[in-house]
Structure formats: structure tokens, C-alpha cells
Amino acid sequence: MFADDDLPGRNVAGSNWVIGINKTKSKDETQAAVEFLNFLYTSEKGKAIVSDEFQLVPPTKDVDIDDISAPVSRQLYQEVLDDKAAPMTYKQEPYGFLRASLAPNFQKYLAGQLSWEELTKRTSADFKQMRQVQTVD
């Protein structure tokens, strides 16, 4: 995403989902949730499910990169390990930016109606303008 600077783009890796456990559930349900999350992200079998079956980028840095079967996930994971990936953030764009600017301009780019340079120029300008309008002091 093109935003407030002209730095080269980076792949974004990680989850924009916040995983939590509902404290209003019964003790048995919350304990089962804790056990499941521990299994999924700390056990060898769970980590294999995340990286092989789901083909996701692991959320921890202790996975053997050779165990990741999906080539794109392997590349993103290596970028995470090398500190070359941007962290996932949730809803950092101004309200309406995706619908009003990024999506329509990207469609024009895909249709050959905009160059890459024009896409980045337009979306950067829109982002800055929308951010400025929506910033609260």
C-alpha cells in the first residue's frame, strides 16, 4: 500500500486477526480454547497444520523454513525472519480509502487504463488527503 513515504514496498506478513478467548464463556470452554491455541501454535503437529495444511505463514519464528510447503508462504516467512516484511496492521487506512481509491484505481491498472506509476501517484495522493481530513487533533 502506498502511503506517507516513498520507501520501496514490502510484503506484509502476519495476521490482522486478533485471537482472543471469550471470558464470558464457561471455565471448561475457555480452558478448551487455551488448550487448542497452545496446540495449534506450540506443538509440532499444530505448527505442521498451520504451515502445511493451511499453508499459512507461521505466527512464530521457531519453524524450520524447510517444513513450509507453500512457496509463497516460505518466501514471506523468510522475509519475516530477515526483518524485510512489514508487520500486519489492522485498519490503518483512512475510512473509505479501499472503496473510494485503491480498489477502483487498481481495477483500472489491471485493465490497462492506468500505469503502475499513475496508480501509485493517485492512491498516495488520495491516502494523504483522506488521512488529513480524518485526523483528529
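Structure notes:
- Amide H to amide H distances under 5 Å link VAL12 with ALA86, where only residues 5 or more positions off or on other chains count and H is placed in the peptide plane.
- The HN-Hα couplings worked out from phi for region 58-67 by the Karplus form 6.51 cos²θ - 1.76 cosθ + 1.60 (θ = phi - 60°) are x, x, 10, 9, 10, 9, 5, 4, 5, 7 Hz, whole numbers, x standing for Gly and Pro.
- The lysines within cross-link reach of LYS108, meaning a Cα-to-Cα straight distance under 30 Å and a gap of 8 or more places when in the same chain, are LYS84, LYS91, LYS121, LYS128.
- Taking Cα centre as origin and charging only the Cβ of basic (Lys, Arg, +1) and acidic (Asp, Glu, -1) residues, the dipole magnitude of region 28-97 rounds to 260 debye.
- Only Lys, Arg (+1) and Asp, Glu (-1) charged, at Cβ; region 16-137 dipole about Cα centre in debye: 680
- Linear extension gain, SER115 paired with ARG10, 0.36 nm per residue minus alpha-carbon span: 35.8 nm
- The heavy atoms of LEU81 offer some 60 square angstrom of accessible surface to a 1.4 angstrom probe.
- Legend: calculated FRET efficiency, ALA103 to VAL72, from the Cβ-Cβ distance at R0 = 22 Å, rounded to 0.05, equals 0.50.
- Multiplying the residue separation of ILE49 and VAL34 by 0.36 nm and removing their Cα-Cα distance gives an extension gain of 3.7 nm.
- Put TYR95, TYR77, TYR41 in order of accessible area, highest first, and with a 1.4 Å probe you get TYR95, TYR41, TYR77.
- Listed peptides 101-108, 20-27 by packing density, highest first (mean Cβ within 10 Å): 101-108, 20-27
The values are calculated or read from the model by the stated rules, or taken from the named source; none is laboratory data. Bear in mind the structure is a predicted one, so any value in this text is a computation, not a measurement. Positions of Cβ are generated from backbone atoms using ideal geometry, with glycine treated the same way; all protein chains shown enter the neighbour counts. What goes into the accessible areas is simple: the full protein's heavy atoms, side chains included, and nothing from ligands, DNA or RNA. Shrake-Rupley method; radii C 1.70, N 1.55, O 1.52, S 1.80 Å.
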